[in-house]
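Notes for the one structure printed next.
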Amino acid sequence: MVNTNEQYDSAVELCKSIFIKKAKDYGTSWRVLRTISVVDQIFIKALRIRTIQEKKAQKVVDDIASEFKGILNYAVIGLIQLQLGESAVEDVPVDTATAWYDEQVAFAKSVMLDKNHDYGEAWREMSQESFADLIIMKLMRIKQILANDGITLISEGIDANYVDIINYAAFALIQISQ
């Protein structure tokens, strides 16, 4: 029997390991990123995935799974930055950044579990191409929300889009691992 909880946790643990190692190598240099910069980092990775999928070839060593891991981590960073408010030139202890990471992932996972209940794990029947496209769509939505000074009339905010990006990336990683 497939256990989404365990698969999700395994996918996220791979991403978290990278996040922690990079925090030890680079510090929390990502704290300087404004929302649009986080969005652009994710966009670059999602577009690369899409290009590799379409061309069925790649020239840079990092594989599609590595890009989905980067997307997930940048989306977590995006949520952290939204929660902290202003971007800042500061170095945060790795333990603090890790606690922030865990908090955001726990929230994203709770949303995933609720949606998974209602949608009946429909994501398992989706294609990897769809995950890349949906991530790009969510990024375009965030850009539009930013252009609207963060105001939405009826739609979810930036945070909800980051949560969906985290979950789509986790689903893609689960599919890749199978």
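The values are calculated or read from the model by the stated rules, or taken from the named source; none is laboratory data. Small disclaimer: the values here were computed from a predicted structure and weren't measured. Note: ideal-geometry Cβ built from the backbone for every residue, glycine included; neighbour counts use all protein chains shown. In case anyone asks, the SASA skips ligands and DNA or RNA and just uses the protein heavy atoms, side chains included. Shrake-Rupley method; radii C 1.70, N 1.55, O 1.52, S 1.80 Å.
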* Please work out if GLU90 is at pLDDT below 95 and either open to solvent by 70 Å² or more (accessible area, probe 1.4 Å) or farther than 15 Å from VAL38 by Cα (or both). => yes
* Does ILE36 satisfy being touching a residue at least 60 places away in the same chain (Cβ under 8 Å), open to solvent by less than 40 Å² (accessible area, probe 1.4 Å) and part of a helix (DSSP H, G or I)? -> no
* **Looking only at region 151-170, and only at residues there that are part of a helix (DSSP H, G or I) and among the hydrophobic types (A, V, I, L, M, F, W, C), the one that is surrounded by the fewest Cβ atoms within 10 Å (Cβ to Cβ)** => ALA160
* To do: Check region 59-68 and report whether any residue there is modelled with pLDDT of 95 or more, open to solvent by 60 Å² or more (accessible area, probe 1.4 Å) and of a type in the set (Lys, Arg).
  => no
* To do: Could you give me the residue pairs with C-beta distances under 7 Å whose first residue belongs to region 71-97 and is farther than 20 Å from LYS24 by Cβ, whose second residue is part of a helix (DSSP H, G or I) and of a type in the set (Asp, Glu) wherever it lies, and which are 6+ apart or on separate chains?
  => LEU79/ASP159; LEU82/ASP159
* Could we say that LYS69 is more than 16 Å from THR96 (Cα to Cα) and in contact with a Cys (Cβ under 7 Å, 6 or more places away or on another chain) here? -> yes
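Tell me which residues, restricted to region 1-33, are aliphatic (A, V, I, L, M), part of a helix (DSSP H, G or I), farther than 22 Å from ILE174 by Cβ and open to solvent by 30 Å² or more (accessible area, probe 1.4 Å).
The answer is VAL32, and nothing else.
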* Structure fact -> The residue from LEU139, LEU173, LEU146 that alone is in contact (Cβ under 8 Å) with a residue 40 or more places away in the chain and surrounded by fewer than 16 Cβ atoms within 10 Å (Cβ to Cβ) is LEU146
* Structure fact -> Within region 99-127, the count of residues that are open to solvent by 70 Å² or more (accessible area, probe 1.4 Å) and more than 13 Å from VAL163 (Cα to Cα) comes to 4
* Which one of these is in contact (Cβ under 8 Å) with a residue 12 or more places away in the chain, among the small types (Gly, Ala, Ser) and more than 20 Å from ASP40 (Cα to Cα): ALA65, ALA108? -> ALA108
